[in-house]
1. Report the rotationally averaged projected area of the chain based on its alpha-carbon convex hull, in square nanometres.
2. Hey, can you rank 33-44, 74-85, 93-104 by average C-beta count inside 10 Å, highest first?
3. If r is the Cβ-Cβ distance from E11 to N78 and R0 is 22 Å, what FRET efficiency results, to the nearest 0.05?
4. Could you go through segment 73-82 in sequence order and give the Karplus-derived ³J(HN,Hα) for each residue, using 6.51 cos²θ - 1.76 cosθ + 1.60 with θ = phi - 60°, rounded to whole Hz, and x for Gly and Pro?
5. Can you show me the helix-derived [θ] at 222 nm for the chain, built from DSSP H runs with n ≥ 4 at -39,500 (n - 2.57) apiece and divided by the number of residues, rounded to the nearest 500.
6. What's the FRET efficiency of L29 with A96 using the Cβ-Cβ distance as r and R₀ = 25 Å, to the nearest 0.05?
Amino acid sequence: MADTDNRPWSEIYRQAGEEWADLEAAASLLEDTKSAYMAQWCAEQGDIPVNRAEQIVKASSRWLKHVEGIVAARLKANKAKVRLESIKMRSMEAQARDANYRAEMRLT
């Protein structure tokens with residue numbers, strides 16, 4: 001967000017909140033489907049013991065790529081959450097600054 005953004009803080013916060021919600025949903029979906037992917041990929045291994053199939057899947061580059069994707073999605077969502085919170089803080093700082101200014105004007 002640029003310092004020259006003339007939109008109200010509520011609009012800036014809403015937009016950042018929607019971005020965070022979308023990124024959070026994407027990261028959660030990846031995390032929540034992790035076991036489903038594991039089951040599918042284990043089934044592809046054929047008629048072998050489950051623990052052996054899981055070991056094969058977890059040793060694969062496909063599984064590593066999937067886990068890295070989950071971590072990257074969570075990182076992106078967390079950064080969006082930090083941005084959202086910083087917007088909230090900047091809004092509160094602006095309100096405090098305005099209140100202080102009004103109080104100073106009453107004293108003079």
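1. 9.3
2. Ranking the peptides 33-44, 74-85, 93-104 by packing returns 74-85, 33-44, 93-104.
3. The computed FRET efficiency comes out at 0.45.
4. Going residue by residue, I get 5, 5, 4, 4, 5, 5, 5, 5, 5, 4 Hz, with x marking Gly and Pro.
5. For the chain, the value works out to -29000 deg cm²/dmol.
6. On the way: r = 39 Å, r/R0 = 1.54.
Calculated value: 0.05.
Values quoted throughout were computed directly from the atomic coordinates according to the rules given, and no laboratory measurement underlies them. Since we're looking at a predicted model, the values are computed, not measured. So basically every Cβ, Gly included, is an ideal-geometry build from the backbone, and we count neighbours across all protein chains shown.
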